1. Being closer than 30 Å to residue 90 by Cα, among the charged types (D, E, K, R) and touching a residue at least 40 places away in the same chain (Cβ under 8 Å) narrows it down to one residue among 134, 223; which is it?
2. With respect to the numbered conditions (1) surrounded by fewer than 16 Cβ atoms within 10 Å (Cβ to Cβ); (2) touching a residue at least 40 places away in the same chain (Cβ under 8 Å); (3) part of a helix (DSSP H, G or I), which one is the sole condition not fulfilled by residue 153?
3. From 81, 129, 67, which residue is at pLDDT below 95, aliphatic (A, V, I, L, M) and in contact with a Lys or Arg (Cβ under 9 Å, 6 or more places away or on another chain)?
4. Within the range 27-129, considering only helices (runs of 4 or more DSSP H) that don't extend past its boundaries, which have at least 1 residues that are open to solvent by 70 Å² or more (accessible area, probe 1.4 Å) and closer than 25 Å to residue 167 by Cβ?
5. Across the range 202-220, what is the total count of residues that are assigned to a loop (DSSP other than H, G, I, E, B) and either closer than 24 Å to residue 109 by Cα or at pLDDT 95 or above (or both)?
6. Name the residue, out of 173, 185, that is at pLDDT below 95 and under 20 Å from the mean Cα position of the chain (by Cα).
Amino acid sequence: MAGRAAEPEVIWARPERTGRGPKPAYSRSDIAQAAVRIADEEGIDALSMRKVAALLGCGTMSLYNYVPRKEDLYELMVDAVSGEYELSEPSDDWRAEMLALAHQTRSMMLRHPWLARVMSPLYGFSPNVLRYLEWCLGALERLDAPVGTKFELIAMVNGTVMTTVVNELAVAEHARSLPWSPEREQAARQAYLAGQMARGEHPRLAAALREAAAPGDAEETFERVMRRVIDAFA
């Protein structure tokens, strides 16, 4: 494969373009923004080096001089969207800061539905991700806990946000694929579940469903869950 390195390497440790010749025509930012645009509009499965090259107006093979592997392209994309974080000087309230950060992450992942799919396999130590981690440690300075616990909190917040967003996106995708309205689908499922509960074979579950409140607003549910996760580290 073109550009496949014989040894492991980090895209951020490479010069902007390998080889001799004139000044590079494109920056990594140009390439990343083109790839993000394609993934946002067509989905991550539609992304290819050929499409990125076409959008930039260059040849596919010449693009490999800038980005040797598709995995490197993913890293550029994750770093590009990580630059969307608004990270002002942290306040004294680390809980409020981490909760606000979780909301930012959720909004970002909903704006870029492909992000959760490519983020988890990457190490992610890119410039904007390092900036994000530095900010998190600054926000958590007032948390009296070992640094390892602080990293666990950061990971737990990110993991909870990612799980929530993946579920939200899956529900939305399922609703779009239905030949009828989501309301009709939900009504059919509720009728089935009510019939199962009426048989008396699952008394604890039936009692729990009778007491459970109706599903609330997604924003309110997210806020409540994230507060519980963050408060667990207090």
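The values are calculated or read from the model by the stated rules, or taken from the named source; none is laboratory data. Note that the coordinates shown come from a computational prediction; the quantities given were computed from them, not determined experimentally. Every residue, glycine as well, gets a Cβ built from its backbone with ideal geometry; the counts of neighbours run over all protein chains shown. Heavy atoms of the whole protein, side chains included, go into the accessibility calculation; ligands, DNA and RNA do not. Shrake-Rupley method; radii C 1.70, N 1.55, O 1.52, S 1.80 Å.
1. That would be 223, the only listed residue that is closer than 30 Å to residue 90 by Cα, among the charged types (D, E, K, R) and touching a residue at least 40 places away in the same chain (Cβ under 8 Å).
2. Going through (1) surrounded by fewer than 16 Cβ atoms within 10 Å (Cβ to Cβ); (2) touching a residue at least 40 places away in the same chain (Cβ under 8 Å); (3) part of a helix (DSSP H, G or I) one by one, residue 153 breaks only (1).
3. 67
4. Output list reads 28-42, 94-111, 115-119.
5. Selection size over the range 202-220: 4.
6. The conditions single out 173.
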